[in-house]
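Quick notes on the structure that follows.
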Amino acid sequence: MQLDLNCDLGEGEPVARTRALMRHATSVNLASGGHAGDAVIMERCVLLARELGVRVGAHPGVAGNFGRGEVKLTVKEFQTLLLHQVGALHRLTEVHRVRLHHVKLHGSLYHAVERDAALGRCYVETVGGWFGGSPIYALAGGQVAALGRRLGVVVWEEAFADRAYRSDGSLVPREEPGALLTRPAEIAGRVRDLIAGQGILTVEGHRLPLRARTLCFHGDTPGAIRLLVAAARALAGPRKAG
């Protein structure tokens, strides 16, 4: 199965950068008006994705601190957030005859549904019930992926291309040194390891046995375009001589 390369976009980056990143991604997660984005930006990104043949996904998040602050939502509030943000992008994709391919939570919401069983169930049931043709992109080996399998909701398990991992499966916090991977050679190596079934090398030097179907790139990571190019080349494999 081909490894999908997804990228978070529509988060206020220049249009030229959006286009450049889309050229090398195979799917995009579009900010849906919570942590970033608005109707104009979403529509522009949908049209770009249609032009470039890239899968479109919704990337709902919470407002404040770019969606990376503490989550304080009831289950009902969370469901309303999902229906509002995913629904808005879904309507735009319908207008422009583009399929809403997937849903992927942003920032603190992404991790909150892994910790809070009630939020996780709400997430899986809401996406499955309202946007049933759209897989969820969720943490590889996590609780959402397991719940999706039990409830019959399709989940594409995800690893992070440009974030360092600890041996317990957690990400190195962004404020710590080495949290971001910014060298193309590192990214290419991670892609090759995942394809070969070798998981991900952690900062402690252990192998984390993750099996991912999709690999995330953050559009605001320094050098993100070069990193995506390196990943795409690694996926293509070595060029044949002659």
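The values are calculated or read from the model by the stated rules, or taken from the named source; none is laboratory data. This is a predicted model, so every value here is computed, not measured. Neighbour counts are summed over all protein chains in view; Cβ atoms, including those assigned to glycine, are modelled from backbone coordinates with ideal geometry.
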Given the conditions (1) surrounded by fewer than 22 Cβ atoms within 10 Å (Cβ to Cβ); (2) in contact with a helix residue (DSSP H, G or I) (Cβ under 7 Å, 6 or more places away or on another chain); (3) not aliphatic (A, V, I, L, M), and given that E51 satisfies all but one, which numbered condition is not satisfied?
(2)
Among the residues of the stretch 210-220, is there at least one that is farther than 17 Å from L3 by Cα and either surrounded by fewer than 18 Cβ atoms within 10 Å (Cβ to Cβ) or in contact (Cβ under 8 Å) with a residue 40 or more places away in the chain (or both)?
yes
In the stretch 208-226, residue nearest to R17 (Cα to Cα) [restricted to those that are of a type in the set (D, E, K, R) and at pLDDT 95 or above]:
R226
Residue count for the stretch 6-20, restricted to those that are surrounded by 21 or more Cβ atoms within 10 Å (Cβ to Cβ) and touching a helix residue (DSSP H, G or I) at 6+ places or on another chain (Cβ under 6 Å)
3
If you take the residues in the stretch 98-154 that are of a type in the set (D, E) and out of contact with any Gly (no Cβ under 8 Å at 6 or more places or on another chain), which one is surrounded by the fewest Cβ atoms within 10 Å (Cβ to Cβ)?
E125
Select from the stretch 1-45 the residues that are touching a His at 6+ places or on another chain (Cβ under 9 Å) and among the small types (G, A, S) and list them in ascending order.
G10, S27, A31, S32, G33, G34, A36, G37
Give the residue, chosen from A185, A161, that is within 19 Å of L3 (Cα to Cα) and either surrounded by 14 or more Cβ atoms within 10 Å (Cβ to Cβ) or charged (D, E, K, R) (or both).
A161
Just one of (1) within 19 Å of the chain's Cα centre (by Cα); (2) in a helix (DSSP H, G or I); (3) under 30 Å from V98 (Cα atoms); (4) at pLDDT 95 or above trips up G129, so point out which.
(1)
Checking the condition farther than 17 Å from G10 by Cα and either of a type outside the set (D, E) or not in a helix (DSSP H, G or I) (or both), which residue from R97, R91 passes?
R97
